Amino acid sequence: MRNLKLLKSLHCAAAEGVGLPQCCSVRTDTGTVLIGSGYGFVELDPKTEQITLDVSLTAEGFLPDDGSGSVVGIQDVSDQESVCLATATGDVILSNLNTGQLECVGSVDSGITTMSWSPDQELVLLVTGQQTLILMTKDFEPIAEVPIHQDDFGEGKFIALGWGKKETQFHGSEGKQAAQQKKITEVPPALPWDDCRPRVTWRGDGQLFAVSAICPETGARKVRVWNRELALQSTSEPVDGLEQALSWKPSGSLIACTQSKPNKHDVVFMEKNGLLHGEFTLPFAKGTIKVKELLWNSESTVLAICLQEIKKDGSKPNTYVQLWTVGNYHWYLKQSLHFGNDEKNHVISLLWDPENAYRLHVLCARWQYLCYDWFWSTDRSSGENLRGQADVAVIDGEKVLVTSFHRGVVPPPMSTYQIQLPRAVNEVAFPLAPEKDGHLAVIDARNTIYICRYGNSPDEDLKVSAGMVREEGRTIKTPVLEKEFSLQVEPFDTKPLHYRLLTWVQDKAFLVVSQGQNSSESLIHHISINEDMRMEIRQGVVITGHVTSLCCSSKTKSCALQTEDGQIWKYAWDSPTPELKPWMDGKGHSVKFLQPCLQIALATIAGEEVVLGITSRSRMFINNLTVATNITSFTIHNDFLLLTTHSHTCRCVSLEDTTLTALEALLTSTLSPNDETVRKVERGSRIVTVVPQDTKVILQMPRGNLETIHHRALVLAHLRKWLDSLLFKEAFECMRKLRINLNLIYDHNPKAFLDNVGLFINQIDSVNYINLFLTEIKEEDVTTTMYPTEAVSVKPPSQSLDVKKVDVICDAMRAAMENLNPQKYCLSILTSYVRKTRPELETALQKVHELRENPPSTEAVSAEEALKYLLFLVDVNELYDHSLGTYDFDLVIMVAEKSQKDPKEYLPFLNKLKKMEMNYQRYTIDKHLKRYKKALGHLCKCGPEHFVEFLNLVKDQNLYTEALKLYSTSTCEYKAINDAYGEHLSSKHQYEEAGLIFARCGNHKAALDAFVTCNNWQQVMCTASQLKYSNTEIAALARSVADKLVEQRKQADAAVLLEQYAEDYEEAIVLLLEGALWEEALRLIHKYRRLDMLETNLKPALLEAHRNHMVFLDSQKSTFLRHKPRLSVVRELKEKAQQGLLDEEVTEGPDSDLFSETSSIMTASDMSGKYSHSNSRISSRSSKNRRKAERKKHSLKEGSPLEDVALLEALGENIRATDKLRSEIHSLLKVLVLFEFDGQSRELQQTYDELLQLMESSIPEIWTSSILPSTATPVLGPHSTANSIMNSYQQQGKINNPTQDAELFVAPKLMKNVQWKLSLLQ
């Protein structure tokens, strides 16, 4: 639904050559035009309107001196910096554009009628006067020569399989002889005005070309298709009235021709096999015009047709150039250029620019040259009014197709209205004023402005036909003609399309742009309508350069102009003296786009009015900033910027609370899963319009059909406004229609919802809708997950974690419904019970039971309907169980009757229950429902005769804690439960807790066994005392427990037992010396006055401990000094391997991406090497195997894959083991000094101190910041490929124990706060 609008035009008439122009070609590298005439050729520079080169062909004798010669073809040969010309006499001339030297590269005796170069300029085709084709290379070496007219169809001849032969068909009264008769198709000869010249057209890829020529036998035209080797491919079928125009669509699908039919004049399309395929009719009466040329642009989107009226009664014929496009299988006439009947304005040559697809070059008689640049634009109404129609106007010749998307989406080529005008339309414009939304202004090919407005009565001067939308019971407003004005054209400018960029800025004010008297100037005109409904035109400002875009803001009345160099100007059109100045941004810099934009718009971002633009290459600018490079279309809707991108998404960005920097970051960032600003759309979609006060976004697909989407960002913006205004009904209906999660009604503003629950229920006023809302609520806050927004939502005051969102809503809704009308909202009340986090099914069933006991009025819900609804919400078996749990047998039977249960199943069970005592009955029901805690309470009340059953239930269901609460501590039942509980804990190997339980209930023997098993020697001695053990038994018990403590290296506890209970202080001293508890051992020696043990036991133990520590420290130091330099070497080798400095391959392991920076050079083959395969075969069925695998993975063997990690692990263990000795060495030093072992103590302190300092200084060198493990998260997102995601997951899967291995990269912490040195030894 786009129109082809004029971007800029260039008119050059000042320079005239000798003779009459005959053909032209464009030099794309310089922008000049080569024009051939009867005397030679010239090179014209349109910008300066000067002839830069004039080459005569008469001096060399290639053309006659009187100018009667003819140049049949001219072509710029850019790679040779030459121009190739062909004359009618048969000469092919090559002229060097730098030197002007002429060279005749070939000559044809019979003359040349046509010369055509292939699109890649590798081949040149000549059509001779003898109706032959000569194909040559670009160096003019002949390839082949064949006659045009051949009897053979070509290599693409159709193959007949013999099915449906005429001989086998029934011919009626004609008889069998009709099968042998050959039907001769008579084709009338070519039309009288046909110039009889062959026409040549190439396909876009240059592989095929078509030739249209007059058949000498029939006198009619035929089209033949040839390949690059000049082999005939196909011949067209006989076509009545086929004309001379011929053009092959560059995309290669169709060949355009024209055909004169008995009652109309058509443009027909032919496939490469010669069969017709499609057509459209030209808007002229039969026999009034002739088509001189057809020409496709390089993108195959626009078909230019050059037409001329047929002379009648001596009148001067008019010349036209029409531009046609196709959409949704309908051909639209987008532009019609009327060149009048003056002979000097007749079109001689028409061609599209080979590089700029929308630049049209026109050469007229008398050396007039025109250049038109076109662009696509969607003409839509502003859409800011509350009752805006969201009109979109489409030009189709003399019709304007208006579609009002506010009323309905009508797919093109249909429309809501069709406005028929007297002449072809060139441009339409809608007013910027919101109150005039829907009005329309039109400029036709004669520079006449029509102003249309909506009215109730039909207009006799304006033919308006209604389209596809009908409104029952309402008067449909249709456009009526308000006024018609004719615009005057300056005398110096007689070319078509004098005015462009019509903009309706005010109720009775327009702006329009035209070319100035100088081709490099543009004029801005002000058009105003006075009180007498007369039009006044005044010239505003003359601006240097071509104005290519003009836009105004309806809010700020600002007007922005863009010139062809991308400069943005601010035009004060509403001031008494119009003023033009550069547009300045917020920093005081003038705004200039890096590239000229085809569409510009004004918007306000962060309080600053900015200019937005989009180029033909999909780059988008905002002021001087490039914000995106993949934008295909955009529009401004209220405070939103809507964009479509090459990645097939539609983005909707709010401009209200953003900045230019934030907007640039948003448009260039990767997409998040729940980003409401992004929506996937069909490939190639473009924005048509956005319906005002609605969420509809109309998109058009490349083939022309429409699609309506409701963009999530627009929908949520509308919903938030409705919810802020407490318009719950509108919000609910929109959310239900567009499938928005209904949790948003509460999550948007929980306090407002809870304060207005009654209003919500009254507005919804539908039990079904309320039930739908209740069933969809969940604990998730959708404003942070599904629909996140930067705006801060109003959240309720902090509640305890036990209060759930679902429960709060259900309780509030139920309270409001019970206050309003409990009978009407009965089903919704039941839903509120069921939907709670812990469904209150018993309460819901009780409500149903009350309905059955007290039937309501006839209009209210009955008990049967309520129960049936409950069965819809809850599984019937679950509801039956809950009804059974109420112990109400009437309710149980009522539920059972509505279920599919067999009465033979539940009636015997219920009858059996009715015969039981009440407590035992409830116990049986609770046990049946597996509610064992409640069953335990009921069984407790049944008396001591059921205690055995009670105890069995406790043991089976592990209900010891609950059972103990049901009996007092003085009862025998309490003791029995404790015994059972203690046995249960013992079976779970929880011996200490079991001992406590046994001791509490008085079972000291069992308690003693439990405490002995868990080595709690304090409780053992206490329990033995309670059992009244003798001293001998206590001593034996103490020795037994002490032996177990020694096995656990608890010499201090064992020594206490031996000293205090076994009274064996010598053995206690020996144990203390074994545990290096020197001072405690010394205390006992002096307590029991065994000073002899100082010499026999203590001093030898001290010297042995000193010797062991020295050996250990020496071993630790040598190991540390061996591993540290090796680690540096390994890291250096890996660094070189990463930089590609080593020839040999460094083997990588499966975890190397965690352990060093070499992960960046790791490949999949490295990770699946020999080591990883062998490691994968290690079973993890036992802890032994797992430890073995860990040891193998971190091997210290030189050259192993993870040697650096193994060294790191070994160094860490070395430092930790050494650092742990601080307290032990401190204790040893004190006793050594005490017994005057000064040399040994000083040696030990110095050695240990030196080792600690060495390790402390080496830690920063070993654990550097560069060895931190890299994360191995899989790479996901819109920019990921299948291979990158697969490799990421493979690497992640090959990481073993990442948490455990990551600890290796953390430097060990030294216990510096432990004071271990003795100052007297320093």
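The values are calculated or read from the model by the stated rules, or taken from the named source; none is laboratory data. Note that the structure is a prediction, hence the values are computed from the model and not measured. Positions of Cβ are generated from backbone atoms using ideal geometry, with glycine treated the same way; all protein chains shown enter the neighbour counts. Heavy atoms of the whole protein, side chains included, go into the accessibility calculation; ligands, DNA and RNA do not. Shrake-Rupley method; radii C 1.70, N 1.55, O 1.52, S 1.80 Å.
If the requirement is being in contact (Cβ under 8 Å) with a residue 24 or more places away in the chain, open to solvent by 30 Å² or more (accessible area, probe 1.4 Å) and touching a strand residue (DSSP E or B) at 6+ places or on another chain (Cβ under 7 Å), which of these qualifies: H330, H361, H338?
Matching residue, one of H330, H361, H338: H338.
What do you reckon, is K988 of a type in the set (K, R), open to solvent by 60 Å² or more (accessible area, probe 1.4 Å) and under 60 Å from the mean Cα position of the chain (by Cα)?
yes
Give L1121, L1094, L1113 a once-over and let me know the one that is open to solvent by 70 Å² or more (accessible area, probe 1.4 Å) and modelled with pLDDT of 85 or more.
Step by step, each of L1121, L1094, L1113 is checked, and only L1121 is open to solvent by 70 Å² or more (accessible area, probe 1.4 Å) and modelled with pLDDT of 85 or more.
Can you tell me how many residues in the stretch 95-112 are assigned to a strand (DSSP E or B) and open to solvent by less than 20 Å² (accessible area, probe 1.4 Å)?
Matching residues across the stretch 95-112 total 2.
Based on what the data block shows, is T1163 under 44 Å from the mean Cα position of the chain (by Cα), of a type in the set (S, T, N, Q), open to solvent by 20 Å² or more (accessible area, probe 1.4 Å) and at pLDDT below 80?
Yes.
Quick one: which of K290, K312 is in contact (Cβ under 8 Å) with a residue 12 or more places away in the chain and open to solvent by 40 Å² or more (accessible area, probe 1.4 Å)?
Answer to the check: K290.
Being in contact with a helix residue (DSSP H, G or I) (Cβ under 7 Å, 6 or more places away or on another chain), acidic (D, E), assigned to a helix (DSSP H, G or I) and crowded, with 19+ Cβ neighbours inside 10 Å: is that true of E1059 here?
So E1059 fits the description; yes.
Tell me the residue from V268, V211 that is open to solvent by less than 10 Å² (accessible area, probe 1.4 Å), in contact (Cβ under 8 Å) with a residue 60 or more places away in the chain and part of a strand (DSSP E or B), please.
Among V268, V211, only V211 is open to solvent by less than 10 Å² (accessible area, probe 1.4 Å), in contact (Cβ under 8 Å) with a residue 60 or more places away in the chain and part of a strand (DSSP E or B).
Taking the condition among the polar types (S, T, N, Q), open to solvent by 10 Å² or more (accessible area, probe 1.4 Å), assigned to a strand (DSSP E or B) and in contact with a Ser or Thr (Cβ under 8 Å, 6 or more places away or on another chain), does T28 pass?
For T28, the condition - among the polar types (S, T, N, Q), open to solvent by 10 Å² or more (accessible area, probe 1.4 Å), assigned to a strand (DSSP E or B) and in contact with a Ser or Thr (Cβ under 8 Å, 6 or more places away or on another chain) - is not met.
Grab the strands (runs of 3 or more DSSP E) fully contained in the stretch 549-636, keeping just those with 1 or more residues being buried (at least 17 other Cβ atoms within 10 Å of the Cβ).
Where strands (runs of 3 or more DSSP E) fall fully within the stretch 549-636 and carry at least 1 residues being buried (at least 17 other Cβ atoms within 10 Å of the Cβ), they are 559-563, 568-572, 599-605, 608-614, 620-622, 625-628.
Please specify each residue of the stretch 806-837 satisfying the condition of being in a loop (DSSP other than H, G, I, E, B) and either of a type in the set (A, V, I, L, M, F, W, C) or without any contact (Cβ under 8 Å) to a residue 12 or more places away in the chain (or both).
N821, P822
Look through V392, V409 and report the one residue that is outside any strand (DSSP E or B), in contact with a strand residue (DSSP E or B) (Cβ under 6 Å, 6 or more places away or on another chain) and either closer than 20 Å to T301 by Cβ or open to solvent by 20 Å² or more (accessible area, probe 1.4 Å) (or both).
Just one listed residue meets the conditions, V409.
Being farther than 30 Å from D585 by Cα and within 20 Å of the chain's Cα centre (by Cα) is the requirement here; does H710 meet it?
When the stated conditions are applied, H710 passes them.
Hey, among S300, S247, S236, which residue is among the hydroxyl-bearing types (S, T, Y) and without any contact (Cβ under 8 Å) to a residue 40 or more places away in the chain?
From the options S300, S247, S236, the qualifying one is S236.
When I687 is evaluated against the numbered criteria (1) β-branched (V, I, T); (2) surrounded by fewer than 16 Cβ atoms within 10 Å (Cβ to Cβ); (3) within 20 Å of the chain's Cα centre (by Cα), which criterion, by number, is the only one it fails?
(2)
A quick yes/no check of all residues on (1) farther than 29 Å from L1221 by Cα; (2) touching a Leu at 6+ places or on another chain (Cβ under 8 Å):
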site: H984; (1), (2): yes, no
site: G1002; (1), (2): yes, no
site: A1006; (1), (2): yes, no
site: W1017; (1), (2): no, yes
site: V1056; (1), (2): no, no
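Among the residues of the stretch 482-489, is there at least one that is surrounded by 22 or more Cβ atoms within 10 Å (Cβ to Cβ) and modelled with pLDDT under 85?
For the stretch 482-489, residues surrounded by 22 or more Cβ atoms within 10 Å (Cβ to Cβ) and modelled with pLDDT under 85: absent.
Taking the stated definitions as given, is K166 at pLDDT below 90, under 29 Å from T218 (Cα atoms), among the basic types (K, R) and open to solvent by 40 Å² or more (accessible area, probe 1.4 Å)?
Answer is yes for this residue.
Just for the stretch 365-379: of the residues that are not β-branched (V, I, T) and not in a strand (DSSP E or B), which one is nearest to I348 (Cα to Cα)?
Top of the filtered list is A365.
Which members of the stretch 68-78 meet the condition of being in a loop (DSSP other than H, G, I, E, B) and surrounded by 15 or more Cβ atoms within 10 Å (Cβ to Cβ)?
Result: G69, S70.
Determine, yes or no, whether V1012 is under 30 Å from E1224 (Cβ atoms) and buried (at least 18 other Cβ atoms within 10 Å of the Cβ).
So V1012 fails the test.
Could you check the stretch 113-129 and list, in sequence order, the residues that are within 13 Å of F209 (Cβ to Cβ) and part of a strand (DSSP E or B)?
Within the stretch 113-129, T114, M115, S116, W117, L123, V124, L125, L126, V127 qualify.
Run V895 past the list (1) among the β-branched types (V, I, T); (2) at pLDDT 80 or above; (3) in a helix (DSSP H, G or I) and report the number of the one that doesn't hold.
Of (1) among the β-branched types (V, I, T); (2) at pLDDT 80 or above; (3) in a helix (DSSP H, G or I), only one is false for V895: (2).
Give just the number: which of (1) more than 54 Å from the chain's Cα centre (by Cα); (2) part of a loop (DSSP other than H, G, I, E, B); (3) not acidic (D, E) does V55 not satisfy?
Evaluating V55 over (1) more than 54 Å from the chain's Cα centre (by Cα); (2) part of a loop (DSSP other than H, G, I, E, B); (3) not acidic (D, E) leaves (2) as the failure.
If only one of T886, T924 is closer than 29 Å to E840 by Cβ, without any contact (Cβ under 8 Å) to a residue 12 or more places away in the chain, among the polar types (S, T, N, Q) and surrounded by 11 or more Cβ atoms within 10 Å (Cβ to Cβ), which one is it?
T924
For the stretch 677-752, list the helices (runs of 4 or more DSSP H) that sit wholly inside it and hold at least 2 residues that are touching a Cys at 6+ places or on another chain (Cβ under 8 Å); which are they?
Of the helices (runs of 4 or more DSSP H) lying wholly inside the stretch 677-752, those with at least 2 residues that are touching a Cys at 6+ places or on another chain (Cβ under 8 Å) span 712-724.
Being under 57 Å from the mean Cα position of the chain (by Cα), open to solvent by less than 40 Å² (accessible area, probe 1.4 Å) and either more than 30 Å from A220 (Cα to Cα) or among the polar types (S, T, N, Q) (or both) is the requirement here; does E81 meet it?
For E81, the condition - under 57 Å from the mean Cα position of the chain (by Cα), open to solvent by less than 40 Å² (accessible area, probe 1.4 Å) and either more than 30 Å from A220 (Cα to Cα) or among the polar types (S, T, N, Q) (or both) - is not met.
Within the stretch 412-435, track down each residue that is outside any loop (DSSP other than H, G, I, E, B), charged (D, E, K, R) and surrounded by fewer than 18 Cβ atoms within 10 Å (Cβ to Cβ).
E435
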